[in-house]
Amino acid sequence: MSNLVVGGASLSRLSLVKTSKFLEESRVLGITEIDSAPLYGVEEKLGQILSGSKEFLYNSKVGRPLKIPITCSKIEQQVEKTLHDLRIEQINILFIHSISIDILSDKILTLLEQLRSQGIIKFLGYSGDSADLRAVCSLEIFDKFMGTLNYLDLGNYETLSNLPENQIYLKRILANGVFRETSCISKVRSRGHRNPVIDKNSYVFRHKILTAQEKVNLEQAISFINTKFLSVKKVVGMGSIRHLRQTSAIASRNQMWGERQFADWLENWGEKQRNFQWSVIT
């Protein structure tokens with residue numbers, strides 16, 4: 001089985017027929033774990049296509065959107081909806097999605113433990129970044145931890161490096177997920193803006209800068225992650241069969257950066273990040 005995990009959000013743009021073909025190709029390639037959430041709007045479609053097939057593992061999330069207060073009843077409703085939409089009896093991993101540790105009350109943690117002990121979920125995870133991820137790692141209740149890590153964003157590197165490999169899920173490993181709502185020059189220009197305002201913290205924008213300045217491509221991005229996290233699970237948004245095949249082929253080579261190259265990048269990452277944020281590609 002591959003260490004790649006299908007990013008469910010990327011499937012939201014595909015039709016039912018295209019999603020079905022994508023999942024069949026994914027199965028053939030051994031990529032049989034799916035990272036989903038009610039927020040992504042794909043779980044009902046996945047249920048229609050897969051009908052809860054045991055050839056796949058289904059992970060889901062609760063907590064977002066943040067405009068909705070997280071309560072025990074909201075968690076139970078989201079879990080029930082996920083089980084119904086995916087047509088499954090058990091969620092492989094239920095991730096608490098980008099919620100501050102301050103909001104995770106004793107009642108919520110007790111409920112999550114009950115869901116796991118009842119077999120409704122197999123593992124309990126947390127998906128988030130920065131201080132929240134660091135704080136949650138100290139709680140024994142969680143089995144899995146998902147955080148952002150790529151050559152542009154190493155903010156979670158120390159936290160994730162201190163975890164056992166079988167507890168780690170990495171996201172945004174290609175630095176191509178949108179970090180803020182405004183993504184890149186081409187997107188805002190397509191909306192008719194002559195002088196677009198660019199969010200320089202956008203992963204898309206920063207990826208374009210890195211590609212232009214450093215010539216780091218898809219293969220180098222995956223090789224970078226493999227240097228220290230070869231065996232961990234990696235969630236990747238692959239919105240087409242071509243991208244799926246390309247990513248799978250590169251990942252299967254298990255290529256890594258040299259130790260010196262990796263160490264130098266790690267040491268100079270802060271300076272590189274500042275440069276990327278203030279560069280402009282036109």
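The values are calculated or read from the model by the stated rules, or taken from the named source; none is laboratory data. Since this is a predicted model, take the numbers as computed values, not measurements. Every residue, glycine as well, gets a Cβ built from its backbone with ideal geometry; the counts of neighbours run over all protein chains shown.
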Query - Among (1) in contact (Cβ under 8 Å) with a residue 40 or more places away in the chain; (2) in contact with a helix residue (DSSP H, G or I) (Cβ under 7 Å, 6 or more places away or on another chain), the one test that Arg134 misses - result: (1)
Query - Looking only at segment 97-119, and only at residues there that are under 18 Å from Asp132 (Cβ atoms) and touching a helix residue (DSSP H, G or I) at 6+ places or on another chain (Cβ under 7 Å), the one that is surrounded by the fewest Cβ atoms within 10 Å (Cβ to Cβ) - result: Ser100
Requested in this report: Take Ser60 and decide whether it is among the small types (Gly, Ala, Ser), surrounded by 13 or more Cβ atoms within 10 Å (Cβ to Cβ), closer than 25 Å to Val5 by Cα and over 22 Å from the mean Cα position of the chain (by Cα).
Outcome: no
Requested in this report: Determine, yes or no, whether Leu94 is under 22 Å from Lys21 (Cβ atoms), surrounded by 14 or more Cβ atoms within 10 Å (Cβ to Cβ) and touching a strand residue (DSSP E or B) at 6+ places or on another chain (Cβ under 7 Å).
Outcome: no
Report task. Examine segment 21-31 for a residue that is touching a helix residue (DSSP H, G or I) at 6+ places or on another chain (Cβ under 6 Å), among the aliphatic types (A, V, I, L, M) and surrounded by fewer than 20 Cβ atoms within 10 Å (Cβ to Cβ), and state whether such a residue exists. Result -> yes
Report task. For segment 76-93, enumerate the residues that are in a helix (DSSP H, G or I) and without any contact (Cβ under 8 Å) to a residue 40 or more places away in the chain. Result -> Glu76, Gln77, Glu80, Leu83, His84
Query - Single residue of Ser73, Ser53 found to be among the hydroxyl-bearing types (Ser, Thr, Tyr), surrounded by fewer than 18 Cβ atoms within 10 Å (Cβ to Cβ), in a loop (DSSP other than H, G, I, E, B) and free of Cβ contacts under 8 Å to residues at least 12 places away in the same chain - result: Ser53
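Every residue, every condition in (1) among the basic types (Lys, Arg); (2) on the phi < 0 side of the Ramachandran plot; (3) modelled with pLDDT of 90 or more; (4) exposed (fewer than 13 other Cβ atoms within 10 Å of the Cβ), yes or no:
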{"position": "Ala135", "(1), (2), (3), (4)": "no, yes, yes, no"}
{"position": "Ile141", "(1), (2), (3), (4)": "no, yes, yes, no"}
{"position": "Thr148", "(1), (2), (3), (4)": "no, yes, yes, no"}
{"position": "Leu152", "(1), (2), (3), (4)": "no, yes, no, no"}
{"position": "Leu160", "(1), (2), (3), (4)": "no, yes, yes, no"}
{"position": "Pro164", "(1), (2), (3), (4)": "no, yes, yes, yes"}
{"position": "Lys171", "(1), (2), (3), (4)": "yes, yes, yes, no"}
{"position": "Ile185", "(1), (2), (3), (4)": "no, yes, no, no"}
{"position": "Val188", "(1), (2), (3), (4)": "no, yes, no, no"}
Query raised in the report: Pick from segment 234-282 the residues that are of a type in the set (Phe, Trp, Tyr) and part of a helix (DSSP H, G or I): which of them is modelled with the lowest pLDDT?
Result: Phe276
Report summary line: The number of residues in segment 56-70 that are modelled with pLDDT under 95 and either in a helix (DSSP H, G or I) or among the small types (Gly, Ala, Ser) (or both) is 1
